[in-house]
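What follows is a set of notes on a single structure, which appears directly below.
The values are calculated or read from the model by the stated rules, or taken from the named source; none is laboratory data. None of these values were measured; they are calculated from a predicted model. Cβ sites come from the backbone with ideal geometry, for glycine too, and all protein chains shown count toward neighbours. Just the protein is used for accessible areas: all its heavy atoms, side chains included, with ligands, DNA and RNA removed. Shrake-Rupley method; radii C 1.70, N 1.55, O 1.52, S 1.80 Å.
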Amino acid sequence: MSTAFTRALVKGEKGQSDMQRIPIDTSAFFTILPSEILFEIGAYPEDLKARLELELGDSLEARVYSVVVAAQGRENVTLAVTFEGAQPVLGAKFLEDLGLDVDSESGLLEPSRHHVFAFNYEP
(Lines give C-alpha, C1' and ligand atoms only; values in the text may rest on other atoms or scores of the structure.)
Protein backbone atom coordinates (compact mmCIF):
# COMPACT_ATOMS: atom_id res chain seq x y z
CA MET A 1 0.00 0.00 0.00
CA SER A 2 1.24 3.50 -0.78
CA THR A 3 1.33 6.12 1.92
CA ALA A 4 -2.03 7.75 2.61
CA PHE A 5 -2.37 11.47 3.34
CA THR A 6 -5.20 13.65 4.64
CA ARG A 7 -5.93 17.17 5.79
CA ALA A 8 -6.49 17.41 9.54
CA LEU A 9 -7.01 20.08 12.16
CA VAL A 10 -5.15 19.36 15.39
CA LYS A 11 -6.67 21.29 18.29
CA GLY A 12 -5.69 22.13 21.85
CA GLU A 13 -6.66 24.63 24.56
CA LYS A 14 -4.85 27.58 22.90
CA GLY A 15 -5.63 27.04 19.24
CA GLN A 16 -5.33 24.73 16.27
CA SER A 17 -2.92 23.74 13.54
CA ASP A 18 -4.12 23.05 10.00
CA MET A 19 -2.10 20.09 8.72
CA GLN A 20 -2.64 20.27 4.94
CA ARG A 21 -1.10 16.95 3.91
CA ILE A 22 -0.28 14.82 6.94
CA PRO A 23 0.70 11.19 6.33
CA ILE A 24 -1.20 8.29 7.87
CA ASP A 25 0.84 5.31 9.06
CA THR A 26 -1.29 2.34 10.11
CA SER A 27 1.78 0.62 11.58
CA ALA A 28 2.24 3.49 14.09
CA PHE A 29 -0.11 3.24 17.07
CA PHE A 30 0.04 6.86 18.26
CA THR A 31 -0.19 10.08 16.31
CA ILE A 32 3.26 11.69 16.29
CA LEU A 33 3.64 15.47 16.35
CA PRO A 34 6.59 17.81 16.86
CA SER A 35 6.66 19.39 20.32
CA GLU A 36 6.43 22.88 18.76
CA ILE A 37 2.96 22.10 17.38
CA LEU A 38 1.79 20.56 20.66
CA PHE A 39 2.96 23.59 22.66
CA GLU A 40 1.55 26.06 20.10
CA ILE A 41 -1.97 24.60 20.23
CA GLY A 42 -1.93 23.98 23.98
CA ALA A 43 -2.20 20.19 23.87
CA TYR A 44 -3.08 18.62 27.23
CA PRO A 45 -0.05 16.79 28.68
CA GLU A 46 -0.84 13.39 30.14
CA ASP A 47 1.11 12.37 33.23
CA LEU A 48 2.82 9.47 31.47
CA LYS A 49 5.35 8.48 28.87
CA ALA A 50 5.22 5.71 26.28
CA ARG A 51 8.07 3.49 25.15
CA LEU A 52 8.06 3.39 21.35
CA GLU A 53 9.66 0.60 19.32
CA LEU A 54 11.51 1.87 16.26
CA GLU A 55 11.97 0.09 12.91
CA LEU A 56 15.54 -1.06 13.54
CA GLY A 57 14.74 -2.53 16.96
CA ASP A 58 15.71 0.54 19.00
CA SER A 59 13.24 2.17 21.35
CA LEU A 60 12.72 5.58 22.88
CA GLU A 61 10.58 7.20 25.53
CA ALA A 62 8.02 9.75 24.35
CA ARG A 63 5.76 12.23 26.18
CA VAL A 64 2.02 11.63 25.69
CA TYR A 65 -0.53 14.39 25.04
CA SER A 66 -4.28 14.53 24.45
CA VAL A 67 -5.35 16.44 21.35
CA VAL A 68 -8.54 16.85 19.36
CA VAL A 69 -8.19 15.90 15.70
CA ALA A 70 -10.73 16.73 13.00
CA ALA A 71 -10.57 15.01 9.61
CA GLN A 72 -13.04 13.85 6.95
CA GLY A 73 -15.96 15.57 8.72
CA ARG A 74 -15.25 13.80 12.02
CA GLU A 75 -13.70 15.03 15.25
CA ASN A 76 -12.54 13.28 18.42
CA VAL A 77 -9.90 13.20 21.12
CA THR A 78 -6.84 11.05 20.49
CA LEU A 79 -3.37 10.60 21.97
CA ALA A 80 -0.27 12.10 20.39
CA VAL A 81 3.37 11.55 21.31
CA THR A 82 6.44 13.66 20.76
CA PHE A 83 10.19 13.17 20.91
CA GLU A 84 13.27 14.87 19.51
CA GLY A 85 13.07 14.99 15.72
CA ALA A 86 9.40 13.93 15.61
CA GLN A 87 7.75 14.34 12.19
CA PRO A 88 3.94 14.64 11.89
CA VAL A 89 2.06 11.40 11.22
CA LEU A 90 -1.41 10.13 12.11
CA GLY A 91 -1.42 6.65 13.63
CA ALA A 92 -3.80 3.71 14.02
CA LYS A 93 -5.29 5.10 17.26
CA PHE A 94 -6.39 8.23 15.37
CA LEU A 95 -8.17 6.01 12.83
CA GLU A 96 -9.92 4.03 15.56
CA ASP A 97 -10.85 7.13 17.57
CA LEU A 98 -12.45 8.80 14.54
CA GLY A 99 -13.98 5.61 13.14
CA LEU A 100 -11.98 5.66 9.91
CA ASP A 101 -10.02 3.17 7.80
CA VAL A 102 -7.55 3.61 4.96
CA ASP A 103 -8.80 1.96 1.76
CA SER A 104 -5.91 -0.33 0.76
CA GLU A 105 -6.41 0.24 -2.96
CA SER A 106 -7.09 3.98 -3.19
CA GLY A 107 -5.27 5.17 -0.06
CA LEU A 108 -8.31 7.29 0.82
CA LEU A 109 -9.96 7.49 4.24
CA GLU A 110 -13.36 5.88 4.56
CA PRO A 111 -15.74 5.37 7.51
CA SER A 112 -15.36 2.15 9.47
CA ARG A 113 -18.44 2.80 11.61
CA HIS A 114 -21.15 5.37 12.23
CA HIS A 115 -19.46 8.56 13.35
CA VAL A 116 -21.95 9.30 16.15
CA PHE A 117 -22.29 6.49 18.63
CA ALA A 118 -23.35 6.55 22.28
CA PHE A 119 -23.89 3.12 23.76
CA ASN A 120 -27.02 2.81 25.87
CA TYR A 121 -27.63 6.56 25.98
CA GLU A 122 -31.11 7.83 26.83
CA PRO A 123 -31.70 11.59 26.94
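Listed by chain and number, the aspartates and glutamates whose C-alpha is less than 20 Å from the C-alpha of residue 93, apart from same-chain residues fewer than 8 away, are 18, 25, 46, 47, 53, 55, 61, 75, 101, 103, 110.
Does segment 1-40 classify as rounded, prolate or oblate by the C-alpha gyration tensor (a ≥ b ≥ c root eigenvalues; a/c under 1.5 gives rounded; else a/b over b/c gives prolate, otherwise oblate)?
prolate
Between the exposed loop cleavage positions of the chain, defined as chymotrypsin sites (Phe, Trp or Tyr not before Pro) in a non-H, G, I, E, B DSSP state with at most 10 neighbouring beta-carbon atoms within 10 angstrom, the longest gap is 1-116. Only beta bridges with both residues in the chain are counted; by DSSP, about 90 percent of them are antiparallel. Express the carbon and sulfur contribution to the solvent-accessible surface of the chain as a percent, rounded to the nearest whole number, probe 1.4 angstrom. Ligands and nucleic acids excluded, carbon and sulfur give 49 percent. The simple spin-label model puts a point 7 Å past each Cα toward its Cβ; for residue 103 and residue 47 those points are separated by 4.5 nm. Please identify every one of the GluC sites (Glu not before Pro) in segment 28-69 that sits in a loop by DSSP and has no more than 16 other beta carbons within 10 Å of its own beta carbon. Of the GluC sites (Glu not before Pro), the ones in loops of segment 28-69 whose Cβ has at most 16 other Cβ atoms within 10 Å are 55. Free of any trypsin sites (Lys or Arg not before Pro) that DSSP assigns to a loop and that have at most 13 other C-beta atoms within 10 Å, the longest stretch within the chain is 15-112.
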